[in-house]
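What follows is a set of notes on a single structure, which appears directly below.
Quick note: the coordinates plus some simple rules give every number you see, no bench work behind them. Just so we're clear, the structure is a prediction, and the values are computed from it rather than from any experiment. As a convention, Cβ positions derive from the backbone with ideal geometry for all residues, glycine included, and neighbour counts pool all protein chains shown.
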Amino acid sequence: MTTLATITPPSPAFPSSTLKPTTRFEFGVSVSQFARRRRRSCLHPTLLCTRDSSSRVFATSKLVEEFDPEIPVERASTPPSSWYTDPQFHRYELDRVFYGGGWQAVGYSDQIKENRDFFTGRLGEVEFVVCRDDDEGKVRAFHNVCSHHASILASGCGRRKSCFVCPYHGWTYNLNGSLVKATRMTGIDNVPLNEMGLRPLRVAVWGPFVLLKVNQDKSKKEEDFESDGSVASEWLGSSAGRLSEGGVDSTLSFICRREYTIDCNWKVFCDNYLDGGYHVPYAHKGLMSGLDLETYSTTLFERVSIQECGGGGSKAGAEEDGFNRLGSQALYAFVYPNFMINRYGPWMDTNLVIPLGPRKCKVVFDYFLDPSLKDDEAFIRRSLEESERVQMEDVVLCESVQRGLESPAYDKGRYALVEKAMHHFHCLLHQNLKL
Ligand code: FES
Ligand SMILES: [Fe+2]
């Protein structure tokens, strides 16, 4: 099984040679790769000598139970390092956490703003295409696989003239997924064309985000487009109102996408994000000048945690020449399991953390800006440079932690009180992973 996630963004609104247009990003490893790796190594002692699947599941569940979510943060130990290093645990985690039926952010609504706009991607082993049809302007999502011989149907992103035409033998599908032309099939019996349309996927839009869901839940028709209300409650729970108040779903202009491949487990990046600003004074001295860390607060919701911090008062992120990227208040929302929404000043950026293996992940940053500033190239360039600097500082931290987790000197650590969002994340993981 190939496990990939891909989003194809529209052309960046901000032309810059430093910006990297993105076409695909990888999500995990194939089953055959996994099997080979599993045969080669089981890093944790409890996984040695496990030959059948039931004992492997048992061994993995033992690893899950090494973290006890009932112990409060004051007395709790972190999950063991095997959660971050073990290939078998990683495989199990992909199945339970990423392919378990929850909403996954896969794109943003500007990508399908007009009728006939579409973008393609890959989530797990699912090739998908999201489009806005040309009848009622309804958002639809389908498996991006031709019914004839399984060719990938659409690629990239953009606007269709009217239909999806398979590049292999020319079978043609409407934007509502129905098969309208099967070429050179005259004389072939029993081909029910009306049953050979594209297979639908569940899709939703909340604010600027496009979400997909892939699961085994057959109780709901897959083609149901979810309303804002049901998605808000399912994806964001009771944090939806707070996020709206914070301007997360206000109208902003897409600026650009940047990607970072990091040599660390995906959870290391999440943990770093969720430490309540603990590392900022030590690792982001430049960022610290724009934040008032005395005002840092963390609020926990069902599957979301929100960290907030005031701007640096008189500093307020403003430099002598008046440049102010962060504004007076910064909001950092973590949506379990792997999506982060950062809203500060006129900016919003989102970070999607994609597992590429036990010790590798990719983080996709999408930048959005208040429309009044979208043509201010100097402000945009400088803001992105600052953001890039912070990100590179975090890359160094995360790769360092991964090496430490792989050392025999370390197994479990402890939490500081400011790290309660990290503890919350680990509790959600445990809930998701336990049998
Ligand atoms: S595989 Fe698509 S038309 Fe043949
Ligand atoms: Fe950081």
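FRET efficiency for the residue 168 to residue 244 pair, using the beta carbon distance and R₀ = 35 Å, is estimated at 0.20. Of the cross-linked pairs 113/181; 161/362; 62/267, those separated by over 23 Å at the C-alpha level are 113/181; 161/362.
Report note on the peptides 349-355, 161-167: ranked by the mean count of other C-beta atoms within 10 Å, highest first, their order is 349-355, 161-167.
In order along the stretch 176-188, phi translates into HN-Hα couplings of 8, x, 6, 7, 10, 8, 10, 5, 6, 9, 4, x, 9 Hz, rounded to whole numbers, per the Karplus curve 6.51 cos²θ - 1.76 cosθ + 1.60 with θ = phi - 60° and x for Gly and Pro.
For the stretch 333-435, trypsin sites (Lys or Arg not before Pro) meeting the loop criterion (DSSP other than H, G, I, E, B) and having at most 15 other Cβ atoms within 10 Å: 412, 434. Taking other C-beta atoms within 10 angstrom as a stand-in for reagent exposure, 400, 305 fall in the order 400, 305, fewest first. Here the label points at residue 381 and residue 414, each 7 Å from Cα along the C-beta direction, are separated by 4.9 nm in the simple model. With all pairs of separate Cα atoms included, the stretch 243-433 yields a Kirkwood hydrodynamic radius of 17.2 Å.
For a test of the definition: using alpha carbon positions, the gyration tensor, and the 1.5 limit on a/c, classify the stretch 104-226 as rounded, prolate or oblate. Verdict is prolate for the stretch 104-226.
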